[in-house]
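Chemist: Sharing a structure here in structure tokens format.
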């Protein structure tokens, strides 16, 4: 395996298959009666720290924990110019407008105050940004903006197993 890069802690940075992240995250989430919906392209991969799995888990855990009336969490992908956007949205109560910028600050929140702060830091290692764009009262919506250089399609498989061990 060719090592593409390492972060300042020596962690190997490489392309992470979105379908594999989906399976790993869903297996660890155990959201109960919440339906997980995925509309992610087969073979899509993002250049990220392997801890991106924890980012997806944290988004789902927060949705279940704080979404109140939540019934669905949906992951999807969009393109915007040269960037690719991975979206995690739910149908819960959403995030109040006055808290949208604060939720990524260290120490802000109802639990440890580290989850979204660390998510932003993990993503930022490879230039991925995250923002919350949901409508209060209609659900949270997190957009992960991936630079064009950090997104690729793996032509090896189109059956959801591309890049899986």
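The values are calculated or read from the model by the stated rules, or taken from the named source; none is laboratory data. Quick caveat, the model's predicted, so the values are computed rather than measured. Cβ: placed from backbone, ideal geometry, glycine included. Neighbour counts: every protein chain shown.
Chemist: Test residue 56 against the criterion of being buried (at least 19 other Cβ atoms within 10 Å of the Cβ), at pLDDT 75 or above, in a helix (DSSP H, G or I) and touching a strand residue (DSSP E or B) at 6+ places or on another chain (Cβ under 8 Å), and give yes or no. Step through it out loud before you land on a result.
Modeler: Working: buried (at least 19 other Cβ atoms within 10 Å of the Cβ): yes; at pLDDT 75 or above: yes; in a helix (DSSP H, G or I): yes; touching a strand residue (DSSP E or B) at 6+ places or on another chain (Cβ under 8 Å): yes.
In short, yes.
Chemist: Does residue 150 fit the bill of being farther than 21 Å from residue 37 by Cβ, at pLDDT 90 or above and surrounded by 14 or more Cβ atoms within 10 Å (Cβ to Cβ)?
Modeler: Numbers: farther than 21 Å from residue 37 by Cβ: yes; at pLDDT 90 or above: yes; surrounded by 14 or more Cβ atoms within 10 Å (Cβ to Cβ): yes.
So residue 150 fits the description; yes.
Chemist: Shifting gears a bit: Return yes when residue 159 is closer than 16 Å to residue 59 by Cβ and either in a loop (DSSP other than H, G, I, E, B) or modelled with pLDDT of 90 or more (or both) and no when it is not. So that I can check it myself, show each step before the final result.
Modeler: On the way: closer than 16 Å to residue 59 by Cβ: no; either in a loop (DSSP other than H, G, I, E, B) or modelled with pLDDT of 90 or more (or both): yes.
Taking the combined requirement at face value, the residue does not satisfy it.
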